[in-house]
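Remarks on the structure that follows.
Every read-out reported here was derived from the displayed coordinates using simple, explicitly stated rules and does not represent laboratory data. Here the structure is a predicted model, which is why all the values come from computation and not from measurement. All Cβ positions, glycine included, derive from the backbone under ideal geometry; neighbour counts span all protein chains shown.
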Amino acid sequence: MPDLPTRVENRRLTFPPSYRLKRRRLIRSLFDRGRDDVQTVAVGCVRLLARVVDRDALGHDVPLQVGFAPGSRVESGVERNRVRRLLREVYRVHQYTLVDLFVCRPDALILMILFRGAPAQADACIERDLPSALRRLAARVPPAPPAA
C-alpha cells in the first residue's frame, strides 16, 4: 500500500455547496425521536446524527450531505459562527472517512454535526473529538443494499 499516502495527498479537500444539508424535511428526520434508523454517535463535545437515505431525496447526486449546529450553550452570534466554522473546517479535512463509503453506493448519507461543549474549549475539543466520531460512525454504517 505505498500508493495510499500519495492518493490521500492528491485529494481535493473542498466542501462544495451541494454537500450542505439544507432541506428541512431531511434535517427534521434526523431529530425525530420516533425513527429507529437514525445513528447517533457521541464523542466528547461532538454528537453526530446520521441516516442513510435514497439519493433522489437529496436533490443532488452526491454521496452525503452535512449540516452543522453549534448548540445552545454558544450564545453570541460571533461565537456561533466561529464554532460552526471550526466544525466545517475539521470536517472538511476528515470528510473522506465517510465519503469513501458512499461514493459507489446507490444510497446516500445525511449527517448533522452538533457541538455540545463549552465555547471556550471549542478549538481543542473539536479537533480532538470530531475525527474520532467520524471514524466511529463509519464503523457503524450499515452495509450497502444488494444491487438489483
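Overview of results
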| read-out | value |
| --- | --- |
| Rough spin-label spacing in nm, given labels placed 7 Å along Cα→Cβ, for residue 42 and residue 96 | 3.2 |
| Calculated FRET efficiency for the pair residue 132/residue 20, C-beta based, R₀ 25 Å, to 0.05 | 0.60 |
| Dipole magnitude (debye, nearest 20) for the chain, charges at Cβ of Lys, Arg, Asp, Glu | 440 |
| Top positive-direction residue, dipole computed over the chain with Cβ charges, set 121, 102, 43 | 121 |
| If the convex hull is drawn through the Cα atoms of the chain, its volume per residue in Å³ | 134 |
| Charge sum, other residues only, whose C-beta stays under 9 Å from residue 115's C-beta, Lys/Arg counted +1 and Asp/Glu -1 | +4 |
| CD proxy at 222 nm, helix term only [per DSSP H run n ≥ 4: -39500 (n - 2.57); per residue of the chain; nearest 500] | -12500 deg cm²/dmol |
| Label-point separation, residue 88 to residue 55 (7 Å along Cα→Cβ), nm | 2.6 |
| Residues of region 53-78 with amide N under 20 Å of the 7 Å Cα→Cβ point at residue 31 | 53, 58, 65-78 |
| Among beta bridges that DSSP assigns inside region 15-140, antiparallel share in %, nearest 5 | 65 |
| Mean Kyte hydropathy of -0.5 or more with a Cα span along the axis of at least 24 Å, helices from DSSP in the chain | 122-140 |
